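A quick write-up on the structure given underneath.
The values are calculated or read from the model by the stated rules, or taken from the named source; none is laboratory data. All values reported here derive from a predicted model rather than from experimental measurement. Cβ placement follows ideal geometry from the backbone for every residue including glycine, while neighbour counts extend to all protein chains displayed. What goes into the accessible areas is simple: the full protein's heavy atoms, side chains included, and nothing from ligands, DNA or RNA. Shrake-Rupley method; radii C 1.70, N 1.55, O 1.52, S 1.80 Å.
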Amino acid sequence: MLTTLTELTIVGILILTLFAVLGLVLVFMERKVSAYMQIRLGPNRVGYKGIAQTLADTIKLVVKEGLTPNGADKFLFNLAPFIVMFGAMLLMAPIPFARNSQIWDLNIGVLYITAVSSISVIGILMAGWSSNNKYSLLGAMRSGAQIVSYELSAGLAIISIVVLTGSLKISEIIASQETGWWIFRGHIPVLISFVIFIIAVTAETNRAPFDMAEAESELTAGFHTEYSGMRFALFFLAEYVNIFIVCAIGATLFLGGWMPFHIGNWAGFNHLMDFIPSSIWFFGKTFFLIFVIMWFRWTFPRLRIDQLLNLEWKYLLPIGMFNLLLMTIIAIMGWYF
Amino acid sequence: MIQEKLLSICPAAVFEENTQWPTMNIDSAEWRKLAEALKNENDLAFDYLFCVTCVDWKTHLTMVYHLSSTLHRHTIVVKAKIADRNNAIIDSVYNIWATAELNEREAYDLFGVHFTNHPDLRRLFLSEDWVGFPLRKDYEDPINMIKL
Amino acid sequence: MFQEVGTTEMGDLIINVGPQHPSTHGVLHLVITLNGETVKKVEPHLGYIHRSIEKMCESLTYRQFIYVTSRMDYLSSHINNHACALIVEKGLQIEVPQRAQYIRVLLDELTRIASHQLWWGAMAMDVGAITPFFHAFREREVINDIMEQTCGARLTMNFMVPGGCMYDIHPDFVKSVKDFMAFFRSKLSEYDEMVTNNPIFQARMKDVGVISKENAISYGCSGPVARAAGVVCDVRKLSPYDVYSQVNFEEALETEGDCFARYKVRMKEMNESMRIIDQLIDNIPEGDFQAKTKAVLKLPKGDYYTNVETARGDFGVYIVSEGATTPYRIKFHSPGFCNLSALDHMTRGSKIGDLVAIMGSLDLVIPDIDR
């Protein structure tokens, strides 16, 4: 009993640390990527090449006054950031960061991820509703409509990989990519799934071009207009951790997770690739996907709410369904490599 | 030619000499009738109201309307004299030229000209409880006004 | 001034957009009535930056009043000053030297390009793309440097005076303008790649905020807003001032009247401005940059009206003179004011996102509206 508790505590602390570090790294990365795309320098004064900038910002946010508006529902207003945060934290559990380093390899890992990732929408709705601000309310309503619809597409894209591997267990999905990542082995349908997945998770994490919930030129800051100080920081952190998680899932399902780049049974080549540590493979793939999503944000204009829903219900969902059907046929006939 | 046509609509009008564009002086009571004719007569077709000005002459006010036609490319200036300065009333032309709605509100705000039938005659720039009409010549404001 | 914010009919939401809002580009305050995401009514509340420039001008002489006009439409301050200089010249029948006319038109067109660049960046930012804003500023910075070199200021320039220009151009002026032209030409295709041809951008702009030709005329719209609806209204063509009658350029016209048409008109205008600059920059004649004028200017009794084409449209100055050293009444007809009056008409029935796109496409400058 005691050992289990100790183990859980250690894991918990490690996850919290990872959480905080990820937040810092990703915010810094976002600022540098945006600066690069916007022909600016980005943060470059605090610490070596500006590395400590996000740390300084965090300290600022911690000591800032957390304002609660007068007409707000105090309980829900204070609860909302934590719900969003917990949602993001729970998702950390089944993600394998490297070979044999997974907190909880449950047998329905993929289902768990899709289920738990829906929780954050409750936090967002709560934040928007309890703020007693119309911009917040509109932002929350938008993100409710958006996240719920895009979850379908993301789910379908994930299922297409489940169809190929025949398992919901994440470790088995990775093991099935021993001879090559699914994105290379699964023909065009997997490629389509991958594209749909990336679009859907960009929408699900409220990132531009789907940042309807925030839409700073329309709704000032959307659902977190009224938040300040540390509670705002929690939303901010949760956003970035969510990006990390969805990209990690994308990397795991489509790009083999920590699995090195293997080609069929070229034993020599595969061994060479195995020399690169599996954690580097995992983080490399994940950060590549994160970079792609950041690239979206700093390149595309925002869609309008009706265009956003049209894209999902009229294009992505039908394509995704048809694609799943195709994938099932491929899986049954064994037409993949 | 336009002058004759306009005089037939509005016989009391007086045309000014040596002006950039034909300029007619009318009384404020005739403005609405003239405006409708200016817009609707085919050979006049003044469809573009590009400047609405109020001038305070200390004894009376004058509304100056600059109109042009995008069809015939001619321009006319109408000066409607509002004799009673303390109870300045003139007809609104917002339903002839849509731009008049906001421009008339400006004139109301700064000169205190009341436009009859205006749908939404409120202060535009100044706050609702502002006293007086700042662009009138006799307006005094010891705090906000800087005399040069 | 603030309306009671609450619901009117069942489910209608009244929201104050501005005066502090990211997409109003200044202190514009709109009270919008929403039904869900759909805009039912937009009502502008003005006056947050009302300085009563018209009243101020009544106590300034004909040499002095020009300088406050730079503070109205600060993005086309040269062109505002130009209008004021023209009306005084018209009243006093001053013959402006050719060199001054060339310099003025060149500066006008540079100002127009700079203004459209800023608008382009802001427009893209309004529909959610932040990056183009910085790219627009990279090019605009070069124009600002040229302006600084020539007249010492980067935003509220005061260079045009009755009778010509205040000073001669900087010796490097021709070279720096040519360098800028070469630089900007290479970047314009980037603008198209990044924004114009983007399918999301086009989807956001097309069939949004449509205004018909009749309505554009009735609302008194001018400049790119009216030209996008097919109204021929370029003052530079209709009543050319200075050397505009001698240069070749096309009036940018579109017929759709939607946001994308307004966008295309402004993009075309940048090209046309470059054409005008190309024709003039090599041929600036030698001679005086300013006509000899009296020390004290007095406009003869009467009234005067002059309009010019600013980056936003038809800017008119109306002066009633009593023969004194200061104007008796001065009225500035600002293009933004009329374009704003059409906002309610354009936005009815569209989404909040469209409202922002339409406001961006109108290119409102609030000090120009409030004066």
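Scanning the stretch C:276-302 for residues that are open to solvent by less than 30 Å² (accessible area, probe 1.4 Å), away from chain B (no Cβ under 14 Å) and within 13 Å of C:L92 (Cβ to Cβ) gives C:A291, C:L297. If the condition is being surrounded by 14 or more Cβ atoms within 10 Å (Cβ to Cβ) and of a type in the set (G, A, S), then the stretch A:258-283 contributes A:S278, A:S279. When only residues in the stretch C:177-211 that are open to solvent by 50 Å² or more (accessible area, probe 1.4 Å) and more than 24 Å from C:R138 (Cα to Cα) count, which is farthest from the other protein chains (Cβ to nearest Cβ)? Per the stated criteria, the residue is C:V210.
Within the stretch A:285-303, residues that are within 14 Å of chain C (Cβ to nearest Cβ) and of a type outside the set (A, V, I, L, M, F, W, C) reach partners that are open to solvent by less than 50 Å² (accessible area, probe 1.4 Å) and not in a loop (DSSP other than H, G, I, E, B) with beta carbons closer than 7 Å, at six or more positions or on different chains, in the pairs A:T299/C:T131; A:P301/C:A124; A:P301/C:I200; A:P301/C:F201; A:P301/C:R204. Considering A:L41, A:L61, A:L55, the condition of being among the hydrophobic types (A, V, I, L, M, F, W, C) and farther than 16 Å from A:F236 by Cβ is satisfied by A:L41 alone.
Quick one: would you say B:Y48 is in contact (Cβ under 8 Å) with a residue 12 or more places away in the chain, hydroxyl-bearing (S, T, Y) and facing another protein chain (nearest Cβ under 9 Å)? Considered against the rule, which asks whether it is in contact (Cβ under 8 Å) with a residue 12 or more places away in the chain, hydroxyl-bearing (S, T, Y) and facing another protein chain (nearest Cβ under 9 Å), B:Y48 comes out as yes.
Do the conditions hold for C:Y305, that is, is it within 8 Å of chain B (Cβ to nearest Cβ), over 28 Å from C:A261 (Cα atoms) and open to solvent by 10 Å² or more (accessible area, probe 1.4 Å)? Considered against the rule, which asks whether it is within 8 Å of chain B (Cβ to nearest Cβ), over 28 Å from C:A261 (Cα atoms) and open to solvent by 10 Å² or more (accessible area, probe 1.4 Å), C:Y305 comes out as no.
For residues that are of a type in the set (D, E, K, R) and outside any helix (DSSP H, G or I), scanning just the stretch B:1-57, find the one that is nearest to B:T116 (Cα to Cα).
The initial filter retains those residues of the stretch B:1-57 that are of a type in the set (D, E, K, R), namely B:4-5, B:16-17, B:27, B:30, B:32-33, B:36, B:39, B:41, B:43, B:47, B:56.
From what is left, the residues that are outside any helix (DSSP H, G or I) are B:16-17, B:27, B:41, B:43, B:47, B:56.
Working: B:E16: 27, B:E17: 31, B:D27: 15, B:E41: 23, B:D43: 28, B:D47: 21, B:D56: 19 Å.
Here the residue is B:D27.
For the stretch A:181-196, the criterion of being out of contact with any Gly (no Cβ under 7 Å at 6 or more places or on another chain) and part of a loop (DSSP other than H, G, I, E, B) is satisfied by at least one residue.
Mind checking whether some residue in the stretch A:104-127 is at pLDDT 85 or above, open to solvent by 60 Å² or more (accessible area, probe 1.4 Å), in a loop (DSSP other than H, G, I, E, B) and not aliphatic (A, V, I, L, M)? The answer is yes; a qualifying residue exists.
Hey, among C:V232, C:V225, which residue is part of a loop (DSSP other than H, G, I, E, B) and within 13 Å of another protein chain (Cβ to nearest Cβ)?
C:V232
Looking across the stretch B:63-75 at every residue that is among the β-branched types (V, I, T) and open to solvent by 10 Å² or more (accessible area, probe 1.4 Å), the one that is modelled with the lowest pLDDT is identified as B:T70. Taking the stretch A:146-175 as the range and being closer than 19 Å to A:D306 by Cα and open to solvent by 40 Å² or more (accessible area, probe 1.4 Å) as the test, the residues that pass are A:V148, A:E151, A:L152. Residues in the stretch A:189-231 that are under 23 Å from C:A129 (Cα atoms), modelled with pLDDT of 85 or more and in contact with a helix residue (DSSP H, G or I) (Cβ under 7 Å, 6 or more places away or on another chain): A:I196, A:F197, A:I198, A:I199, A:A200, A:V201, A:T202, A:A203. Where helices (runs of 4 or more DSSP H) sit wholly within the stretch A:236-337, those with at least 1 residues that are aromatic (F, W, Y) and over 30 Å from C:T196 (Cβ atoms) occupy A:267-274, A:278-297, A:317-333. Each residue in the stretch C:212-229 was checked for being surrounded by fewer than 24 Cβ atoms within 10 Å (Cβ to Cβ) and closer than 26 Å to A:I305 by Cα, and 1 pass. Restricting attention to the stretch B:59-75, which residues are at the interface with another protein chain (Cβ under 10 Å from one of its Cβ atoms) and assigned to a loop (DSSP other than H, G, I, E, B)? If the condition is that a residue be at the interface with another protein chain (Cβ under 10 Å from one of its Cβ atoms) and assigned to a loop (DSSP other than H, G, I, E, B), then B:S69, B:T70, B:L71, B:R73 are the ones that fit. Looking at the stretch A:293-337, which of the residues that are surrounded by fewer than 14 Cβ atoms within 10 Å (Cβ to Cβ) and under 27 Å from A:I263 (Cβ atoms) is modelled with the highest pLDDT? Among those residues, the one meeting the criterion is A:I329. Among the numbered conditions (1) more than 14 Å from chain C (Cβ to nearest Cβ); (2) aliphatic (A, V, I, L, M); (3) under 12 Å from the mean Cα position of the chain (by Cα), the only one that B:A35 does not meet is (1). Summed over the stretch C:36-72, the residues that are free of Cβ contacts under 8 Å to residues at least 40 places away in the same chain and either surrounded by fewer than 18 Cβ atoms within 10 Å (Cβ to Cβ) or not β-branched (V, I, T) (or both) give a count of 4. Among the residues of the stretch C:13-35, is there at least one that is within 14 Å of chain B (Cβ to nearest Cβ) and free of Cβ contacts under 8 Å to residues at least 12 places away in the same chain? Looking through the stretch C:13-35, none of the residues is within 14 Å of chain B (Cβ to nearest Cβ) and free of Cβ contacts under 8 Å to residues at least 12 places away in the same chain. Considering C:C57, C:C84, the condition of being away from chain B (no Cβ under 14 Å) and under 28 Å from C:N307 (Cα atoms) is satisfied by C:C84 alone.
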